[in-house]
Amino acid sequence: MSNFIYKEINRRVGQAIHRYDMIADGDRIVVGLSGGKDSLTLMHVLTERLARIPLSYELFAVYVDPGFEGGYAAELQAYCENMGYRLKTVYTDNGIVAHSAANRENPCFLCARLRRKRLFEAAGELGAGKVALAHHKDDMIETLLLNMCYAGEISTMRPSQTLFKGRLTIIRPLSLVDEDVIRRFAGSREFPCFENPCPTAAVSKRREIKEMLARLYRGNRKIKGNLFRSMNRIRTDYLPI
């Protein structure tokens, strides 16, 4: 079963890489490793593909520790060493700052923004021109609805996005993969489970959107596919712009 699931993930990753021209020969790529099932799957797939494709690229895992008590940086480091991954841990107080009284923004929004900034800085320090993030198909749909509901705009994540006048490119190789497939693959490979120490992890706006979508999906299996396809079928003639 695990081989079948892996083949499905690898096929979708290959489609995304080729469709959006994500990886080229000689690339140095930072993989944002959170320790969750998504980023561990991404690291596994990108590492495994090196032995089978006619491209050569370097991978550097980077974990940005948010600074909460009860963190798992040491455990993640041990896991990466066992797997042969090169891991750089960046220690910060991002999570604490985001949850402080001085922050007037959504703590998740600020924490994510600060984490992304440190990830980009780490890529520069490692001489990497690309940062691979583990966002999948469900993340893109959830972000679309989050932005519509809470930011008042129609936008989501892009599978590949160039920043800073071409100096850095974000790639999302899992952007065509369903979260449920990743979940089953992670379970079959018995990836370690690191407990998220964030105090608001269970009550985020993203979780609310995820639960709402789950109810919709149970009622109609076509809704998820329709939402995902809608991002490439925008009929501006029928929008008030």
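Every read-out reported here was derived from the displayed coordinates using simple, explicitly stated rules and does not represent laboratory data. Quick caveat, the model's predicted, so the values are computed rather than measured. With ideal geometry, Cβ positions are generated from the backbone for all residues, glycine too; neighbour counts draw on all protein chains shown.
Given 5 Å bins starting at zero, what is the percent of C-alpha pairs of region 154-237 in each, up to the one with the largest pair distance?
P(r) for region 154-237, in whole percents per bin: 3, 9, 11, 18, 22, 19, 12, 5, 1, 0.
Where does the charge balance sit around D38 when Lys and Arg score +1, Asp and Glu -1, over other residues with C-beta under 10 Å from its C-beta? The partial results should precede the final answer.
Numbers: positive: K37, R183; negative: D138, D139, E179.
Once all neighbours under 10 Å are counted, the net charge is -1.
Quick one: Cα centre-to-centre distance for region 194-224 and region 95-139, in angstrom?
20 Å
In debye, nearest 20: dipole of the chain around its Cα centre with unit charges on the Cβ of K, R (+) and D, E (-)? All intermediate terms of the calculation are to be shown ahead of the outcome.
Details: 37 positive and 27 negative charges, 193 e Å.
Computed about the Cα centre, the dipole is about 920 debye.
Report the label-to-label distance for N10 and E81 in nanometres (one decimal), using points 7 Å from each Cα along the Cα→Cβ vector.
3.0 nm
Loop only by DSSP, 10 or fewer other Cβ within 10 Å of the Cβ. Give me the trypsin sites (Lys or Arg not before Pro) in region 23-79 that pass, ordered by residue number. Don't skip to the answer; put the middle values down first.
Working: sites: R28, K37, R49, R52; in loops: R52.
The qualifying sites are R52.
Any idea how many Lys pairs in the chain come in under 25 angstrom at the alpha carbon, given 8 or more places apart or on separate chains?
Lysine pairs satisfying the spacing and distance rule in the chain number 27.
Using alpha carbon coordinates only, what is the Rg to Rh ratio of region 1-97, with Rh defined as the Kirkwood radius?
Working: Rg = 15.0 Å, Rh = 14.8 Å.
Result: Rg/Rh = 1.01.
Enumerate the amide H contacts of T89 below 5 Å, restricted to partners 5 or more residues apart or on another chain; note that Pro and chain-start residues carry no placed amide H.
Y63
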